[in-house]
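First comes the structure, then the notes that go with it.
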Amino acid sequence: MSEASHYWIINARIPHCFIDSSLHESETILAPTLQRDRLFPCNVEINNGHLVQMMANSPDSLAAIPTESVAIVDAKQGMLIPCFADLHTHLDKGHIWERSPNLDGTFQGALNGIYKDCTENKNWHYEDLYRRMEFGLKCSYAHGTKAIRTHLDCPPHQFETTFQVFRELREKWKDKITLQAVSLVPLSYFDTPDGEEFADAIADVGAIIGGIAHMVPEFEKYLGAIFKLATARNLSLDFHTDETDDPQSQTLRRVAAAGLEYDFKAQIICGHCCSLATQDHETAAAAIALVKKANIGIVSLPMCNLYLQDRVADRTPRWRGVTLAKELDAQAVKVAISSDNCRDPFYGFGDHDMLQVFSMGAKILHLDTPYDNWIESVTSRPASLMGLSNVGKIEIGQAADLILFKARSYSELLSRPQGDRVVFRDGVAIDRTLPDYAELDDLIFGE
Ligand SMILES: [Zn+2]
């Protein structure tokens, strides 16, 4: 692939949602397969690491490219998309599967597994966390991800080490991956005498206030404390809500109501929202209307939900565990999908590959009928919910952070792992070698 600093990528297919509307005029001449997939044939000029020109692909536009004086990358009708943004991960838990597996695969088994690994066995010392979290970053980068938000478990004995590692990795990786952190604690913690100090510590790191919402009688009181702490420090919020099939779990609706009540201006994200799919139509529609009104971004975690939800020993699962992504999208709520856990007790698989997340998400959530603009759910939408204007887009003047696939359609894209994709960062094809699992052997299996 080209190492030239000035070159054209020709014969690429770019999803419509990433194309400037001024290029759309030639839409009528598109082949039916391209119309169905909403892919647009394009040529893209890269110079000095930036995208400087984009044109609709046609015999005329190809003829206008000075092929004798500039390098050419022929995409051969392959799809070209912006680098990914992964809005909801748990880098601190990652890759401990062999050390602390979840042998019954249940949600409770996952909680027990993390408690044992982190609190009982005190495995999460500086080096353990640093190397496992960096392993996740290396995978993400190699697969084409440019921004990651990670939730970080904050039991009192852990907070300092975890956030020290986070700070160091954020700094070390800042040119490759924009890293954000969210606290992961029971929401009741913010309503204790320590809540204020904890919120200060989060603000000090430049992190985001978050935690796990449960249907408890004091829930509104906890929300009141959190919204007050976040507002005073100008922090945004990110909750785990309703990660259960119990229709009575309606923390999403109550977070939205609190956001409106406190007139909260910063971004709120709610992750999982599984029980929305088990509620009756009126209840769910009312919650979605409030979510829309409170401008909450929703992140669905289809792989983890498929794994943990509806898991009962010796019984086949009956539902896929995911939230009402299509119904939320239909009301213009921003819906992202993300990877969540990776090779830990909450999800025994995964490789921080947002293409795999999109591929699994498309099948679990039926995002293929039609594909429409769902590719935004792993690119521009999570980026915008993270407040990042330079991620997840293909725009003139921006850094050429792009992923080029051999796949010429969504069917081809989502049928193979696309291990031969090319990731361009600042216009240069990166080394996509994945870290070796053996790197972590001493941490996971002992010396
Ligand atoms: Zn999570």
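Examine segment 315-330 for a residue that is touching a Pro at 6+ places or on another chain (Cβ under 6 Å), surrounded by 23 or more Cβ atoms within 10 Å (Cβ to Cβ) and assigned by TED's automatic domain parsing to the domain that holds N123, and state whether such a residue exists.
Yes, that holds for at least one residue.
Which of the residues belonging to segment 31-51 are aliphatic (A, V, I, L, M) and crowded, with 17+ Cβ neighbours inside 10 Å?
L34, L39, V44, I46, L51
Looking at K138, K176, K116, which one is outside any helix (DSSP H, G or I), of a type in the set (K, R) and not assigned by TED's automatic domain parsing to the domain that holds R425?
Being outside any helix (DSSP H, G or I), of a type in the set (K, R) and not assigned by TED's automatic domain parsing to the domain that holds R425 holds for just one of K138, K176, K116, which is K176.
Of (1) within 16 Å of the ligand (Cβ to nearest atom); (2) without any contact (Cβ under 8 Å) to a residue 24 or more places away in the chain, E171 satisfies all except one. Which?
Going through (1) within 16 Å of the ligand (Cβ to nearest atom); (2) without any contact (Cβ under 8 Å) to a residue 24 or more places away in the chain one by one, E171 breaks only (1).
Report every pair of residues separated by at least 6 positions or lying on different chains whose Cβ atoms are under 6 Å apart, first residue within segment 412-425 and outside the structural domain of D353 (by TED's automatic domain parsing) and of a type in the set (K, R), second buried (at least 21 other Cβ atoms within 10 Å of the Cβ) and part of a loop (DSSP other than H, G, I, E, B).
The qualifying pairs are R421/F405; R425/D401.
Is it the case, given these coordinates, that A181 is within 16 Å of the ligand (Cβ to nearest atom), of a type outside the set (V, I, T) and either buried (at least 19 other Cβ atoms within 10 Å of the Cβ) or within 21 Å of S339 (Cβ to Cβ) (or both)?
Judged against the criteria, A181 is a match.
Before we move on, is Y371 within 16 Å of the ligand (Cβ to nearest atom) and out of contact with any Leu (no Cβ under 6 Å at 6 or more places or on another chain)?
Spelling it out, it is not the case that Y371 is within 16 Å of the ligand (Cβ to nearest atom) and out of contact with any Leu (no Cβ under 6 Å at 6 or more places or on another chain).
Being within 16 Å of the ligand (Cβ to nearest atom) and part of a helix (DSSP H, G or I) is the filter here, so list the residues in segment 141-165 that pass it.
Within segment 141-165, just T162 meets the criteria.
Could you identify the single residue in L51, L80, L87, L103 that is without any contact (Cβ under 8 Å) to a residue 12 or more places away in the chain and within 29 Å of the chain's Cα centre (by Cα)?
Result of the check over L51, L80, L87, L103: L103.
I'd like to check which strands (runs of 3 or more DSSP E) are fully inside segment 29-113 and have at least 1 residues that are among the charged types (D, E, K, R), within 16 Å of the ligand (Cβ to nearest atom) and at pLDDT 95 or above.
Hits in segment 29-113: 84-89.
When you check T241 against the structure, is it within 16 Å of the ligand (Cβ to nearest atom) and either under 27 Å from K363 (Cα atoms) or touching a residue at least 12 places away in the same chain (Cβ under 8 Å) (or both), yes or no?
So T241 fits the description; yes.
Inspect all residues belonging to segment 283-291 and state whether any of them is within 16 Å of the ligand (Cβ to nearest atom), within 20 Å of the chain's Cα centre (by Cα) and in the same structural domain as C118 (by TED's automatic domain parsing).
No, segment 283-291 contains no residue that is within 16 Å of the ligand (Cβ to nearest atom), within 20 Å of the chain's Cα centre (by Cα) and in the same structural domain as C118 (by TED's automatic domain parsing).
With the condition kept exactly as written, say whether any residue in segment 223-238 is among the charged types (D, E, K, R), within 16 Å of the ligand (Cβ to nearest atom) and touching a residue at least 24 places away in the same chain (Cβ under 8 Å).
Yes; the residues of segment 223-238 include at least one that is among the charged types (D, E, K, R), within 16 Å of the ligand (Cβ to nearest atom) and touching a residue at least 24 places away in the same chain (Cβ under 8 Å).
Just one of (1) more than 18 Å from L87 (Cα to Cα); (2) out of contact with any Leu (no Cβ under 6 Å at 6 or more places or on another chain); (3) at pLDDT 95 or above trips up L328, so point out which.
Only one criterion is unmet by L328, namely (1).
The values are calculated or read from the model by the stated rules, or taken from the named source; none is laboratory data. Please read these numbers as outputs of a predicted model, since none were measured by experiment. Positions of Cβ are backbone-derived with ideal geometry, glycine not excepted, and every protein chain shown enters the neighbour counts.
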